[in-house]
Amino acid sequence: MANYKNLFMSHMDSEGVKYTDRDTYVVQVTYNGDNLKSIPINVFFDKDGDPIVQFKCWDIGNFKGKEEKGIVACNEINKKYRWVKFYLDDDSDVVASIDAYISDDSCGRECLSLVRRSVSIIDDAYPTFARAMWI
């Protein structure tokens, strides 16, 4: 059985991408955006070793006390983008998430591509959330 987390980290090492090994099943990759200064993507690998990976970012914004505006903003963004789903968690934080099924031979490339796609979409979506938070 492949160790998908190690395959991903090896690929990032070969590409010169910096990351943080968070724990046994999580790696964090942080990029800077044009609209959002820091976009940390947490990559969660399946604890049972299945080829299922989840990409999450929850450092986008908080709608505490303005949950209705946050839900409307999430719906607006979810209509526009098909790769990333946005929702409010129990703390009213905006969460961006992708679930993916990966293969042994292209794990590193696939995971890094999905991290970069997440970053791009989150950065593009941020102005919508910022307007909703401050209006």
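The values are calculated or read from the model by the stated rules, or taken from the named source; none is laboratory data. Keep in mind that this is a model prediction, so the values were computed, not measured. As a convention, Cβ positions derive from the backbone with ideal geometry for all residues, glycine included, and neighbour counts pool all protein chains shown. With ligands, DNA and RNA removed, areas are computed over all heavy atoms of the protein, side chains included. Shrake-Rupley method; radii C 1.70, N 1.55, O 1.52, S 1.80 Å.
Yes/no matrix, rows are residues, columns are (1) more than 16 Å from residue 123 (Cα to Cα); (2) of a type in the set (Gly, Ala, Ser); (3) at pLDDT 95 or above; (4) out of contact with any strand residue (DSSP E or B) (no Cβ under 9 Å at 6 or more places or on another chain):
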| position | (1), (2), (3), (4) |
| --- | --- |
| 29 | no, no, yes, no |
| 38 | no, yes, yes, no |
| 60 | no, no, yes, no |
| 78 | no, no, yes, no |
| 88 | yes, no, yes, no |
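List the residue pairs whose Cβ atoms are under 6 Å apart, where the first residue sits in region 1-22 and is free of Cβ contacts under 8 Å to residues at least 12 places away in the same chain, the second is surrounded by 13 or more Cβ atoms within 10 Å (Cβ to Cβ), and the two are 6 or more positions apart or on different chains.
Going by the 6 Å Cβ cut-off, the qualifying pairs are 19/12; 19/27; 19/29; 20/28.
Identify, from the list 113, 92, 97, the residue that is polar (S, T, N, Q) and over 21 Å from residue 32 (Cβ atoms).
Numbers: 113 fails: over 21 Å from residue 32 (Cβ atoms); 97 fails: over 21 Å from residue 32 (Cβ atoms).
Residue meeting the stated conditions: 92.
Scan region 103-135 for residues that are open to solvent by less than 50 Å² (accessible area, probe 1.4 Å), of a type outside the set (A, V, I, L, M, F, W, C) and assigned to a helix (DSSP H, G or I) and jot them down.
Correct list: 106, 108, 118, 123, 126, 127, 128.
A quick yes/no check of all residues on (1) part of a helix (DSSP H, G or I); (2) open to solvent by 40 Å² or more (accessible area, probe 1.4 Å); (3) in contact with a Pro (Cβ under 6 Å, 6 or more places away or on another chain):
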| site | (1), (2), (3) |
| --- | --- |
| 56 | no, yes, no |
| 60 | no, no, no |
| 64 | no, yes, no |
| 69 | yes, yes, no |
| 72 | yes, yes, no |
| 77 | yes, no, no |
| 82 | no, yes, no |
| 91 | no, yes, no |
| 96 | no, no, no |
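For the structure I just gave you, tell me whether residue 42 is open to solvent by 80 Å² or more (accessible area, probe 1.4 Å) and under 14 Å from the mean Cα position of the chain (by Cα).
Taking the combined requirement at face value, the residue does not satisfy it.
So which residues in region 2-34 are loosely packed, with under 11 Cβ neighbours inside 10 Å and small (Gly, Ala, Ser)?
14, 16
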